[in-house]
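Every number here is computed from the coordinates shown, using simple stated rules; none is lab data. This is a predicted model, so every value here is computed, not measured. Neighbour counts run over all protein chains shown; Cβ positions are idealised from the backbone, glycine included.
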Amino acid sequence: MKQYEELNRLIRFVEGEGIVLSVNQQEKLKTYLSYLERYSVSHRIIYRNDTELIVTRHFLSSFYYAHQIKKEIQPGDNILDLGSGAGFPGIILSIVLENNHVVLVDSVRKKTLFLKKVAKELGLSCTVHCTRIEEYQKSKTPSFKFISARALASIEDLISLAAAFMDKADIHTMKGMDYIKEVKNSEKYDVVENEIPNHWKDFSGYLTNKVYLKLRTKREK
């Protein structure tokens, strides 16, 4: 019950940040939470220690992605979510940004089966691919305007994995404050830092010492 109380608190909080969810969207979030609780134990969709932190850790950080992407996205823009895992932030993005299609990519079969079930049951505008990101890069893919990734890889590796999609898209990711240690070949890309406001950190300690980054290849002006 505590998780659902936290979810209601989060819904009220993000409304104050400009993310106003319809009753239908709120119900989808609650259903998604119920699936996560159910399958986290039987299928290990998320770490066992995180089962009591789904809202305050995973939902909250995913909503910050939505908050940032929402500022720039246009109807019809596609989003690519790399290393989707249990759906953070990809499923949350799909629930919040109903006028956009989200493509979720993960190589773990049990997780992609879970994501497909969630997408079907909630009627989301998203597609799930069970494949390695390196292989997905070789496939014929739609054009993306945004790339999201959470807890996937170092900055250098992330840029390498997403290289095929970065001609028109920025990578949105979240890192610790010491992320600068991961920046090596910065002559090839730009790192735009977005400091997470204190009131987001106050909602949950998880965002303390986190920074939101946009990574983009250097483009000719």
Looking only at Cα atoms, what is the convex hull volume of segment 145-204 per residue, in Å³?
-> 99
Rounded to the nearest 5, the percent of DSSP beta bridges in the chain running antiparallel is 40
Cross-link partners of LYS30 among aspartates and glutamates (Cα-Cα below 18 Å; sequence separation of 8 or more within a chain) = GLU5, GLU6, GLU15, ASP50, GLU52, GLU98, GLU121
Dipole size in debye (nearest 20) for the chain around its Cα centre, Lys and Arg Cβ +1, Asp and Glu Cβ -1?
-> 520
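Which semi-axis lengths, in whole Å and largest first, follow from the square roots of five times the eigenvalues of the Cα gyration tensor of the chain?
Those come to 26, 20, 17 Å.
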Cα-based helix-to-principal-axis angle, 60-70 vs the chain, degrees rounded to 10 = 50
Contour excess over end-to-end distance, with Cα ends at ARG9 and ASP50 and 0.36 nm allotted per residue = 12.9 nm
Label-point gap, in nm, between ILE180 and ARG132 - each point 7 angstrom along Cα→Cβ = 3.5
Degrees, to the nearest 10: 23-42 long Cα axis against longest axis of the chain = 90
Which pairs break 26 Å Cα to Cα here: LYS116/LYS138; LYS188/LYS214; LYS2/LYS145?
-> LYS2/LYS145
Candidate lysines - alpha carbon under 16 Å from LYS201, same-chain residues fewer than 8 apart omitted | LYS175, LYS210
Can you give the angle from 0 to 90° between the axis of helix 109-122 and the longest principal axis of the chain, with both taken from C-alpha atoms, to the nearest 10?
-> 60
